[in-house]
Amino acid sequence: MEKQTAKDDYDRVKEDLQLLREDLASLAKAVADGQKSSANNLKDEISRETRAVLDQLRKRGDAALARATEAGSQTVENVEHKIEERPFLSIILMFLAGIIVGKMLDR
């Protein structure tokens, strides 16, 4: 579930970046089609729009990072709780996992 949330957040950021690219492309086309005298005004507008979009993306990215961090912390707490409940079983499982990884690396 945490992986799905992180993937959804990544997909949202990816979509936002695509929208930013499209916005920048349309604004660049408007500058090219516009008159030379209004180029400075369009440049300022592009800068404002870009800053606004980047600020929005930064906020969304920060929120996604906060959610991912929270999900990771929750997962660590769950694992710690499981280890505390069954310490002997946890040691055996880690030992077996070490043997399996060692066998895989020997090949």
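Here are a few things to note about the model shown:
- DSSP H segments from the chain that extend 20 Å or more along their own axis, Cα-based, with Kyte-Doolittle mean of 0.0 or above: 87-106
- Footprinting exposure proxy for Glu70, Glu84 (fewest neighbouring C-beta atoms within 10 Å first): Glu84, Glu70
- Applying D = kT/(6 pi eta Rh) to the stretch 2-106, where Rh is the Kirkwood radius over alpha-carbon pairs, T corresponds to 25 °C and eta to 0.890 mPa s, the Stokes-Einstein value obtained is 135 µm²/s.
- With a cut-off of 12 Å between beta carbons, the residues surrounding Leu93 carry a summed charge of +2, where Lys and Arg count +1 and Asp and Glu -1.
- Contact order relative to length of the stretch 2-106, as percent, for alpha carbon pairs under 8 angstrom and 6 or more apart: 38
- Each of Lys29 and Arg67 was given a label point 7 Å from its Cα along the Cα-to-Cβ line. The distance between the two points is 3.1 nm.
- Value at 222 nm in deg cm²/dmol, rounded to 500, when DSSP H runs of n ≥ 4 in the chain each add -39,500 (n - 2.57): -33500 deg cm²/dmol
Since every read-out is calculated from the coordinates, none of them should be taken as a lab result. Quick caveat, the model's predicted, so the values are computed rather than measured. Cβ coordinates were reconstructed from backbone atoms using ideal geometry, including for glycine residues, and neighbour counts include every protein chain displayed.
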